[in-house]
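Beneath this line is the structure, given in structure tokens, with notes to follow.
The values are calculated or read from the model by the stated rules, or taken from the named source; none is laboratory data. On a predicted model such as this, the values are computed, not experimentally measured, just so you know. Cβ: placed from backbone, ideal geometry, glycine included. Neighbour counts: every protein chain shown. Note: accessible area is taken over every heavy atom of the protein model, side chains too, but ligands, DNA and RNA are not part of it. Shrake-Rupley method; radii C 1.70, N 1.55, O 1.52, S 1.80 Å.
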Amino acid sequence: MTLNHLYEIDGDRASGGATTVVSIATPGGYKIMGQGKYEDELLKVNGEWKIRYRRVKNDHLVSDPTKPVNLADPDVAEQVQKLIDSAESLARRDRQT
């Protein structure tokens, strides 16, 4: 679910963001796989808004600010950690080029 879309428009450009919550079905029921916000820059092209840039910022636990919310649940932690590891690997590879 993506909600709370708030953007400031300046001509053919806009910036802002939205809140996002991603759920996943597990043997223990539906669980939160991700929760956070998008920080976006938009550009209007031929009358249509396009995402020019998007950054995802994951929410973290209040009790442990170093730990993302989605790693707190053992039903999803292993799957989420694989996604985090892949994203970090891609980011390292991108910085090397």
Quick one: net charge around Leu6, please, counting Lys, Arg +1 and Asp, Glu -1 for every other residue with C-beta under 12 Å from its C-beta. -2
Derived scalar couplings ³J(HN,Hα) [region 5-20; Karplus, 6.51 cos²θ - 1.76 cosθ + 1.60; whole Hz; x for Gly, Pro]: 5, 10, 10, 9, 9, 9, x, 9, 10, 8, 9, x, x, 8, 8, 9
Mean separation of Cα contacts under 8 Å (6+ apart) over length of the chain, as relative contact order %: 18 percent
With r as the distance between the Cβ atoms of Asn4 and Ser86 and R0 = 30 Å, compute the FRET efficiency 1/(1 + (r/R0)^6) and round to 0.05. 0.60
Which whole-number value in Å² is the accessible area per residue of the chain, probe 1.4 Å? 76 Å²
For the chain, what mean projected area does the convex hull of the alpha carbons give, in nm²? 8.5 nm²
Length gained, Lys57-Val21, 0.36 nm per residue minus C-alpha separation, equals 11.8 nm
Given the Cα-Cα distance of Asp64 and Asp12 and 0.36 nm per residue of separation, how much length would full extension add, in nm? 14.7 nm
With n ≥ 4 as the cut-off for DSSP H runs, can you work out [θ] at 222 nm for the chain, using -39500 (n - 2.57) per run divided by the number of residues, rounded to the nearest 500? -8500 deg cm²/dmol
Which of Ile32, Ala87, Val76 sits closest to the plus end of the dipole of the chain, meaning its Cα is farthest towards the positive end, when Lys and Arg get +1 and Asp and Glu get -1 on the C-beta? Ala87
Met33 long-range amide H proximity, modeled H, under 5 Å: Val22, Ser23, Ile24
Mind checking the dipole of the chain: about its Cα centre, +1 per Lys or Arg Cβ, -1 per Asp or Glu Cβ, Debye to the nearest 20? 240 debye
